[in-house]
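First up is the structure itself, then whatever we jot down about it.
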Amino acid sequence: MRLILFTSRSRAIFTFPSTTYPRCFSTLSQTLSHSPSLLSYIVLHPKPNSVHSCRPSSGSSTVSFLRANSGFASSRCISSISPSASSTVEWNDAVPGSEFGGRVELDGMEEEDEMSEASKAYIPVRAYFFSTSVDLKTLVEQNKQNFIPPSSRMTNYVVLRFGDLKPDPTGLGSSLVVNDCCFMVVFQYGSIVLFNVRDHEVDGYLKIVERHASGLLPEMRKDEYEVREKPTLNTWMQGGLDYIMLQYLNIDGIRTIGSVLGQSIALDYYVRQVDGIVAEFTDINRGMEKTGTFTMERKKLFQLVGKANSNLADVILKLGLFERSDIAWKDAKYAQIWEYLRDEFELTQRFASLDFKLKFVEHNIRFLQEILQNRKSDFLEWLIIILIGAEILISVYDIAHKSAITSL
């Protein structure tokens with residue numbers, strides 16, 4: 001009988017006498033001193049009156065072996081053993097491979113393999129917005145060794161790679177193994193999108209950009225997403241809840257995903273800015289409802305006008321919200337990703353909401369400008385009246401004075 005142990009770092013195979021079966025013993029004592037945790041095990045043993053030999057290297061190959069060899073049986077599996085736990089492992093009864101019916105325990109093995117594969121292909125994506133402008137030229141000059149040359153005419157962002165890039169294990173040629181390296185997409189309008197960066201490393205990468213940023217914000221905006229790689233996926237891409245699954249992720253995919261996430265997090269900032277302007281006008285309208293007048297100065301109103309107009313210009317011009325990615329123009333696969341993510345993050349709907357709020361602000365600005373203009377007109381009218389009155393008084397005084405001199 002053979003016991004195959006799969007751990008996070010190694011694989012071990014223990015051979016026992018063929019006359020020993022799991023039914024003949026209940027425990028196996030083994031000190032796990034060289035392995036931090038036991039992830040899973042497979043027990044293969046020949047049934048009586050059968051002679052076979054095997055050496056499976058993974059759960060999937062074990063499944064294939066059991067289906068092809070009914071003379072073997074497999075004991076049940078466990079999922080983990082911590083180093084601090086007892087070194088005694090309790091065994092369940094053996095189940096012959098012929099009794100599996102092609103499923104039962106084999107399904108658990110296949111599901112475990114799929115979960116392991118999915119965890120390895122998990123790529124966290126984090127988007128940040130903490131400034132309104134980044135000097136890309138100086139950023140590239142100080143990080144030339146990490147700079148990836150652009151593949152399109154877009155000049156409002158750069159891609160930096162940190163870490164070693166391993167050869168492609170999938171054989172797709174264009175796929176990148178991002179598990180051992182990370183990518184940073186930096187946009188001129190202030191967004192930063194990090195791929196495969198651990199939580200404790202985020203601040204270090206943000207500080208690289210912070211030295212070249214201007215217009216730092218008092219509060220940083222943050223959003224998280226996830227990319228999953230699955231080479232066996234039937235379609236090129238598949239969407240899910242807060243993640244997108246691809247057959248493989250390469251530089252063009254990083255650029256495409258990063259462009260949408262960068263626009264999304266920046267748009268969130270500008271939406272909140274406009275929300276603040278709307279709140280100010282709401283307070284003004286409520287005050288007018290109670291008092292019948294308002295005390296806003298013309299300078300304050302002009303500041304709100306400039307803020308609203310600059311936000312709209314930044315969204316349209318800086319973010320390029322309505323400009324299609326060059327990579328999406330060239331390749332339909334990345335166009336599919338680009339369109340899906342824009343729908344997923346509701347960029348069009350959010351801009352429509354922003355535009356509606358700005359129209360509300362514009363309506364209020366016109367109304368208040370008319371009031372201020374009327375106030376100014378009233379002031380000028382009263383000033384003219386006062387001047388005319390003063391001229392009349394001066395004329396009366398002059399006439400009276402001349403009359404007094406003539407009478408003398």
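The values are calculated or read from the model by the stated rules, or taken from the named source; none is laboratory data. Note that the structure is a prediction, hence the values are computed from the model and not measured. Methodologically, a virtual Cβ is constructed for each residue, glycine included, from the backbone with ideal geometry; neighbour enumeration extends over all protein chains shown. Please note that ligands, DNA and RNA were not included when accessible areas were found on the heavy atoms of the full protein model with its side chains. Shrake-Rupley method; radii C 1.70, N 1.55, O 1.52, S 1.80 Å.
Of note:
- Hits in the range 199-212 (condition: touching a residue at least 12 places away in the same chain (Cβ under 8 Å) and either farther than 15 Å from Lys137 by Cα or among the small types (Gly, Ala, Ser) (or both)): Glu201, Val202, Tyr205, Leu206
- Tally, over the range 138-176, of residues that are acidic (Asp, Glu) and at pLDDT below 60: 1
- Pairs meeting the criteria (first residue in the range 257-281 and more than 30 Å from Ile123 (Cβ to Cβ), second residue open to solvent by 20 Å² or more (accessible area, probe 1.4 Å) and among the aromatic types (Phe, Trp, Tyr), beta carbons under 9 Å, at least 6 apart or on different chains) are Val278/Phe360; Phe281/Phe360.
- Conditions (1) within 41 Å of the chain's Cα centre (by Cα); (2) touching a residue at least 12 places away in the same chain (Cβ under 8 Å); number of the one not met by Phe367: (2)
- Inside the range 212-254, residues that are among the polar types (S, T, N, Q), under 25 Å from Phe147 (Cα atoms) and in a strand (DSSP E or B) make up a count of 1.
- If you go through the range 138-149 and keep only what is part of a loop (DSSP other than H, G, I, E, B) and surrounded by 15 or more Cβ atoms within 10 Å (Cβ to Cβ), you end up with just Asn143.
Here is a yes/no grid of residues against (1) open to solvent by less than 40 Å² (accessible area, probe 1.4 Å); (2) over 23 Å from Ile316 (Cα atoms):
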| site | (1), (2) |
| --- | --- |
| Val209 | yes, yes |
| Ser214 | no, no |
| Tyr225 | yes, yes |
| Arg228 | no, yes |
| Asn234 | no, yes |
| Gln247 | no, yes |
| Ile251 | yes, yes |
| Gly258 | yes, no |
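- Those residues of the range 223-236 which are in contact (Cβ under 8 Å) with a residue 40 or more places away in the chain and either under 14 Å from the mean Cα position of the chain (by Cα) or under 20 Å from Asp343 (Cβ atoms) (or both), in sequence order: Asp223, Glu224, Tyr225, Glu226, Val227, Arg228, Trp236
- Among residues of the range 110-137, those that are modelled with pLDDT under 90 and not in a helix (DSSP H, G or I), counted: 2
- Check on Val271, surrounded by fewer than 18 Cβ atoms within 10 Å (Cβ to Cβ), touching a Lys or Arg at 6+ places or on another chain (Cβ under 8 Å) and closer than 21 Å to Lys359 by Cβ: yes
- Inspection of the range 247-261 finds no residue satisfying the criterion of being farther than 18 Å from Ala335 by Cβ and either of a type in the set (A, V, I, L, M, F, W, C) or touching a strand residue (DSSP E or B) at 6+ places or on another chain (Cβ under 8 Å) (or both).
- Taken over the range 237-258, the criterion of being more than 15 Å from Phe183 (Cα to Cα), among the small types (Gly, Ala, Ser) and within 13 Å of the chain's Cα centre (by Cα) is satisfied by no residue.
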